Amino acid sequence: MTAPEIASREDWQKARAALLEKEKALTRAHDALAAERRRLPWVRVDKDYAFKSPEGTLTLNDLFEGRRQLIVYHHMLRPADPSPCAGCCMFVDNLGHAAHLNARDTTLALVSSAPVGEIEAFRRRMGWPQRWYSVEDSTFNEDFGVTGGFGLNVFFREGGTVFHTYFTSGRGVEALGSNWTFLDLTPLGRQESWEDAPEGISQTAPYQWWRLHDEYDGETTG
């Protein structure tokens, strides 16, 4: 490693202030991009999909668990997988407590092509609490942009109708991990009053909805 310049505290503060201006500009650019994302057109999902779980076979509508928004991470675990994807596992390791997303009407679930028994065995090994469904014998992965790799899709539900609203993969997934970055992918966003959101989205003051994860009222965390 080449040693960096050694500066006085005053010179460091000046350099830090210059960098901070660029960081703030990037934050504003991310906010503007999230606002544009919230205005993407939707695609109605008319096809039926089967999601296998230890409790039985579910529909896409079931995965919402009664909420309006659903984030699905496509984990690369394959049938009889001798070497589960380390990158996918690092992603899941970084997921936070479900209560915070649930409080914003959002559910997060995992899907893989491996059978249910193998998914459950690996989930227990990793100590993950997330809902994780098998899409073996289904075209769900391929129909939503995931062909052999990993990816993340967002869906919105109005009544019994489901819409596809967003997809990302590759380094677009690397940038995620916090509840805030996940909410930024959804049509409703963080639902805070500072956001540039489509008309009709209910918003609250920033920070005011935050709770300890066991203090949300009337929410099931899944």
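Converting the Cα gyration tensor eigenvalues of the stretch 45-116 into ellipsoid dimensions via √(5λ) gives semi-axes, longest first, of 22, 18, 10 Å. Extension gain, ALA175 to TRP194, is 4.6 nm, computed as 0.36 nm per intervening residue step minus the present C-alpha separation. Length available on full extension from GLU65 to SER83: 0.36 nm per residue minus the Cα-Cα distance, which gives 3.4 nm. Across all directions, the shadow cast by the convex hull of the stretch 144-191 built on its C-alpha atoms averages 3.9 square nanometres.
Scaled to the globular estimate 2.2 N^0.38 Å, the Cα spread of the stretch 123-222, given as radius of gyration, is 1.27. More than 32 angstrom separation, counting every C-alpha pair in the chain; what % is that? For the chain, the fraction of Cα-Cα distances above 32 Å is 26 percent. The length gained on full extension between ASP46 and ARG9, counted as 0.36 nm times the residue separation minus their Cα-Cα distance, comes to 7.2 nm. Once both labels are positioned 7 Å from their Cα atoms along Cα-to-Cβ, the gap between ASP137 and GLU36 label points is 4.3 nm.
What whole-number distance in Å separates the alpha-carbon centres of the stretch 1-49 and the stretch 142-184? Measuring centre to centre over Cα atoms gives 20 Å.
Sorted by mean Cβ packing within 10 Å, highest first, what order do the peptides 78-89, 159-170, 20-31 take? Intermediate values should be presented prior to the final figure.
Working: 78-89: 12.6, 159-170: 14.9, 20-31: 10.5.
Highest to lowest by the protection proxy: 159-170, 78-89, 20-31.
What dipole magnitude, in Debye to the nearest 20, does the stretch 38-183 give about its Cα centre under +1 on Lys/Arg Cβ and -1 on Asp/Glu Cβ? The dipole of the stretch 38-183 has a size of about 480 debye.
Bear in mind these aren't lab numbers, they're just calculated from the coordinates by the rules spelled out. Just so it is clear, the model here is predicted, and its values are computed rather than measured. Every residue, glycine among them, receives a Cβ derived from its backbone with ideal geometry; neighbour counts consider all protein chains shown.
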